[in-house]
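Please read the structure below before turning to the comments.
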Amino acid sequence: MNTTLRTDITIKEICEGFVYNELEGKGLFGWSGRLVIQPEYQRNYIYSSMDGGKKEMAVVESVLKGYPIGLIYFNKVAEDKYEVLDGQQRITSLGRFITDKFAIFDEHGNPQYFHNMSSDKKQKILDTKLLIYICEGTESEIKEWFKTINIAGVPLNEQELLNAVYSGPFVTLARAEFSNSQNANVNKWKAYVRGNVNRQDFLRTALDWVSRGNVSEYMSRHRYDDNIDELKTYFNTVIDWVSGVFIDVKEEMCGLEWGRMYEEYHGNSYNPQEVSKEVSRLYADPYVRNRRGIFEYILGGMQDTTLLDVRVFDDAIKKTVYERQTQEAKEKGISNCPLCALGSDSNKIKIWDLSEMDADHVTAWSKGGGSTMENCQMLCKTHNRAKGNR
Ligand SMILES: [Zn+2]
């Protein structure tokens, strides 16, 4: 990465053409249109709300006292076009002060706006030169670099990083749709997608689904697209499919891998009324330990009970059944594994140790058999495995 230190740029120049958008809570542009202060991927301006505004006042006071306000980093995105990588909060504080958005307090404790400051103080602020590093690098270099900085003390998460690296028209449109808490669809999506809209979790999920998990590759390929049609259509298709198959919204649906399940099962037909009955039945079944597995269990035709983590026999039951079976087998001179006892090889009369056996549901759980003493039989491990695989 190529960095150039600029020490000649004044606050006046940086704040030339400063625009603060109240609605979005963002400082938008500066440096006579060359600079994007808060690019799409960055957070809103938060200094005004920190410590009751003391944070933004402190930036101005530091400048007035001649203290350094620290290094600022710009990312050169095109010829004579820059984005603030680090320093957006400080620059926005200065811009807001110069445009009279807030006051500081003078030595007598009186509020003082920029426009009614003495001209030497005004000049002092405007003429102060900032320390600005201008960085130019490849996407991976900037990404690496981003990982090392914190913005307002909160590190960027994976998706925020990707938004930074692949910033462009596609990310802008995608954020407007999936990272916008004002979007009326968010409430519906929340039932299926876990996380925080503002921290890009919904965008992350939408990208993950459409790209089958190859998010960065997808973002790189679509970086300069002027639409997000595919992303939006795919996401809505998945959501419509889930909400069509499962007509009752359950808490456990939130955050499941619906994109993968859509790919795997959307070719099958389901009767939503029947599905609804099955969901209720399984929710009421005390043997189902993993309710989050219920949905895929049903989608897959109710075969794979491992998804449900069905409650197994406890040790006391196993031991009691083992003792009883072994006692009876010894009296009859046969194996204590009832399936071995039916065979014709030497295991026909073998007495297995408890550790060599496993508990088996006589009536399968999926056919209504519970994990109770009455429904338990001990089988040697080989026979139990063979039975389980059927
Ligand atoms: Zn056996």
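Values in this text are rule-based calculations from the coordinates and carry no lab data. Since the structure is predicted, the reported quantities are computational estimates derived from the model, not experimental observations. Counting neighbours? That spans all protein chains shown, and the Cβs are built from the backbone with ideal geometry, glycine included.
Springs between alpha-carbon pairs under 10 angstrom, Gaussian network model over the chain: which of 107, 217, 83 fluctuates most?
The residue with the greatest mean-square fluctuation here is 107.
Sorted from largest down, what three extents in whole angstroms do the Cα atoms of the chain have along their principal axes?
Extents along the principal axes: 109, 42, 41 Å.
Please identify the cysteines of the chain that lack any partner cysteine with a Cβ under 4.7 Å from their own Cβ.
Cys with no partner Cβ under 4.7 Å: 15, 135, 254, 376.
Could you state the number of Å between the C-alpha centres of the stretch 343-390 and the stretch 159-216?
For the stretch 159-216 versus the stretch 343-390, the Cα centre distance is 49 Å.
With springs connecting C-alpha atoms under 10 Å apart, model the chain as a Gaussian network and identify which of 290, 271, 157 has the largest mean-square fluctuation.
Checking each option, the largest mean-square fluctuation is seen for 271.
Only Cα pairs within less than 10 Å get springs; with that Gaussian network setup on the chain, which residue of 309, 353, 208 has the largest fluctuation?
353
Give, as a single signed number, the net charge of other residues whose beta carbon lies under 14 Å from the beta carbon of residue 184, with Lys and Arg counted +1 and Asp and Glu -1. Provide the component values of the computation, followed by the final result.
Values: positive: 188, 190; negative: 177.
With Lys, Arg at +1 and Asp, Glu at -1, the net is +1.
Could you tell me how far the Cα centroid of the stretch 97-124 sits from the Cα centroid of the stretch 247-301, in Å?
Value for the Cα centre distance between the two parts: 62 Å.
Note down, for the stretch 2-149, the three equivalent ellipsoid semi-axes (square root of 5 times each alpha carbon gyration tensor eigenvalue), biggest first, whole angstrom.
On the way: eigenvalues 143, 53, 38 Å².
Equivalent ellipsoid of the stretch 2-149: 27, 16, 14 Å, largest first.
Quick one: P(r) of the stretch 315-388 from all Cα-Cα pairs, 5 Å bins, percents rounded to integers, in order of increasing distance.
3, 18, 27, 26, 17, 7, 2
Of 190/250; 190/232; 55/81; 81/129, which sit over 22 Å apart, Cα to Cα?
Working: 190/250 11 Å; 190/232 16 Å; 55/81 28 Å; 81/129 20 Å.
Going by Cα-Cα distance, 55/81 fall outside the 22 Å limit.
Specify which residue in the list 269, 176, 351 is farthest towards the positive end of the charge dipole of the chain, using unit charges on the beta carbon of Lys, Arg (+1) and Asp, Glu (-1), about the Cα centre.
My answer, from the dipole projection, is 351.
Gain in length, residue 280 to residue 115, computed as 0.36 nm per residue apart minus the alpha-carbon separation, to one decimal in nm? Write down the numbers at each step before the final one.
Numbers: separation 165, 0.36 × 165 = 59.40 nm, distance 6.71 nm.
Here the answer is 52.7 nm.
Local charge sum around residue 116 (other residues, Cβ-Cβ under 13 Å, Lys/Arg +1, Asp/Glu -1)? If you can, show how the numbers build up before the last one.
Values: positive: 121, 122; negative: 100, 106.
Result for the local shell: 0.
Starting with the highest mean, order 85-96, 54-65 by the number of other Cβ atoms within 10 Å, averaged over the residues of each peptide.
On the way: 85-96: 24.2, 54-65: 17.0.
Averaged packing, sorted descending, gives the order 85-96, 54-65.
Could you compute the net charge surrounding residue 254? Neighbours are other residues with a C-beta less than 10 Å from the C-beta of residue 254; K and R count +1, D and E count -1.
Working: positive: 190, 194, 250, 292; negative: 251, 252.
Taking every Cβ under 10 Å from that of residue 254, the sum is +2.
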